[in-house]
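One structure is given below, encoded as structure tokens.
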Amino acid sequence: MDAYEVIKYPVSSEKTIRLMESENKLAFVVDRKASKTDVKNAVEKLYKAKVISVNSHITRKGDKVVFVKFDITTPAIDIATNLGMM
């Protein structure tokens, strides 16, 4: 899958802002068919950041949300600022 097909948009809420500051994580809504490795490769390609882990879940609305934990060398706040979330 193409990186732009995998990642739909970032999620910005109070919980994700708190995770960004405390655990260096960002949340994204992704394609339902995308695997964790697809998401990891897409995030590393689009944002040029080292990904440590990817956790995913399906919401009640049917969206697939992933929480991406970044390496300590890449602050999630910098990526969020580039995305216009901050």
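The values are calculated or read from the model by the stated rules, or taken from the named source; none is laboratory data. Remember, predicted model here, so these are calculated numbers, not experimental data. In this analysis, Cβ positions are derived from the backbone assuming ideal geometry, glycine residues included, and neighbour counts consider all displayed protein chains.
Worth a mention:
- Matching residues, the stretch 34-50, being closer than 16 Å to Met1 by Cβ and among the aliphatic types (A, V, I, L, M): Ala34, Val39, Ala42, Val43, Leu46
- Residue within the stretch 27-41 that is in a loop (DSSP other than H, G, I, E, B) and under 17 Å from Ser12 (Cα atoms) present: no
- Here Asn55 meets the list (1) exposed (fewer than 14 other Cβ atoms within 10 Å of the Cβ); (2) over 12 Å from the mean Cα position of the chain (by Cα); (3) not hydroxyl-bearing (Ser, Thr, Tyr) almost entirely, failing just condition (2).
- Candidate set from the stretch 59-79 (those that are under 15 Å from Lys40 (Cα atoms) and not hydrophobic (A, V, I, L, M, F, W, C)); member that is nearest to the chain's Cα centre (by Cα): Lys69
- Of residues in the stretch 27-50 being surrounded by 14 or more Cβ atoms within 10 Å (Cβ to Cβ) and among the β-branched types (Val, Ile, Thr), the one nearest to Lys61 (Cα to Cα): Val29
- Candidate set from the stretch 1-26 (those that are surrounded by fewer than 20 Cβ atoms within 10 Å (Cβ to Cβ), among the aliphatic types (A, V, I, L, M) and not in a helix (DSSP H, G or I)); member that is modelled with the highest pLDDT: Val11
- Yes/no for Ala49 being part of a loop (DSSP other than H, G, I, E, B), under 20 Å from Gly84 (Cα atoms) and of a type outside the set (Ser, Thr, Tyr): yes
- Within the stretch 10-35, the set of residues being more than 11 Å from the chain's Cα centre (by Cα) and not hydroxyl-bearing (Ser, Thr, Tyr) comprises Glu14, Lys15, Ile17, Arg18, Leu19, Glu21, Glu23, Asp31, Arg32, Lys33, Ala34.
- Selection from the stretch 64-86 of residues that are β-branched (Val, Ile, Thr), under 12 Å from Pro10 (Cα atoms) and surrounded by 12 or more Cβ atoms within 10 Å (Cβ to Cβ): Val65, Val66, Val68, Ile79
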